[in-house]
Amino acid sequence: GENVEQHPSTLSVQEGDSAVIKCTYSDSASNYFPWYKQELGKGPQLIIDIRSNVGEKKDQRIAVTLNKTAKHFSLHITETQPEDSAVYFCAAPGGTSYGKLTFGQGTILTVHP
Amino acid sequence: NAGVTQTPKFRVLKTGQSMTLLCAQDMNHEYMYWYRQDPGMGLRLIHYSVGEGTTAKGEVPDGYNVSRLKKQNFLLGLESAAPSQTSVYFCASSYAASLDTQYFGPGTRLTVL
């Protein structure tokens, strides 16, 4: 099955700085890489995803890059704001069907004002 | 449009007791999932369903059973609760299987004493 490793486990930045979270995956058949944000006391919510046919995708202050050869993908948040503080999860489906996702362990991001 | 709802929000059980967690979605999604979230371990798939009347095992199915009698509902049962099942449980749904957003409920915090 798929194995997803996520680093770092915690990340602390000053408001306005950039934050980068990295994930590696094991199954070369994975073709979809979503990122979820989980605020305190809530369920995860999709913030951005990337398909395997592109190397980068951007949505305002967030971007995701994908390196299929190295089997890793990263989340980039620029101009961080206190409301970006949350737990972020990466995920990958592996070669299985039925939408099964394997999640990374999560990164607690804290943005200090 | 309420999205994905979960009942109850909190529950405390004694070892050996049973209970059922209810997940409901109003988005006409075919696919539904149950995850558990434990500190430092991300989200792990317990069981999933690809349509009404179908269920399948995920990564950590032992000690749990599920049923999908109606398309909009997905029930997770614990027949004989154990302290190792203390966790936060999330239900999710998606319209399609692969390359599709999973929408999460707000979670149920379960404590087994």
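Using a 10 Å cut-off around each Cβ, can you sort B:29, A:7, A:76, B:47 from fewest to most neighbouring Cβ atoms? Could you put the intermediate results ahead of the total?
Numbers: B:29 20, A:7 13, A:76 17, B:47 23.
Ordered by Cβ neighbours within 10 Å, fewest first: A:7, A:76, B:29, B:47.
What whole number of Å gives the distance from the Cα centroid of segment A:39-85 to the Cα centroid of segment B:59-81? Distance between centres, Cα-based: 31 Å. Filter the cross-link list A:68/B:9; A:37/B:57; A:22/B:71; A:42/B:57; A:58/B:9; A:71/B:9 down to pairs whose alpha-carbon distance in this structure exceeds 31 Å. Among A:68/B:9; A:37/B:57; A:22/B:71; A:42/B:57; A:58/B:9; A:71/B:9, the Cα-Cα distance tops 31 Å for A:68/B:9; A:22/B:71; A:58/B:9; A:71/B:9. The packing ranking of peptides B:30-41, A:11-22, highest mean first, is B:30-41, A:11-22, where packing means the average number of other beta carbon atoms within 10 angstrom of each residue.
Report the FRET efficiency, 1/(1 + (r/R0)^6), for residue B:67 and residue A:56, where r is their Cβ-Cβ distance and R0 is 35 Å, rounded to 0.05.
Working: r = 42 Å, r/R0 = 1.21.
Approximately 0.25, to the nearest 0.05.
Counting only other chain Cβ atoms within 10 Å of each residue's Cβ, the peptide B:31-38 averages 2. Size of segment A:41-113: Rg and Dmax of its alpha carbons, in Å, are 13.4, 43. Relative contact order, whole percent, for chain A stands at 37, derived from Cα pairs under 8 Å and 6 or more residues apart.
To the nearest 0.05, how large is the calculated FRET efficiency for residue B:113 and residue B:1 if R₀ is 35 Å and r is the Cβ-Cβ distance? Display every interim value, and only then the final one.
Details: r = 37 Å, r/R0 = 1.06.
In this case the efficiency is close to 0.40.
Values in this text are rule-based calculations from the coordinates and carry no lab data. Bear in mind that the values here come from a model prediction, so they are computed numbers and not experimental data. Cβ atoms come from the backbone with ideal geometry, glycine included; neighbour counts cover every protein chain shown.
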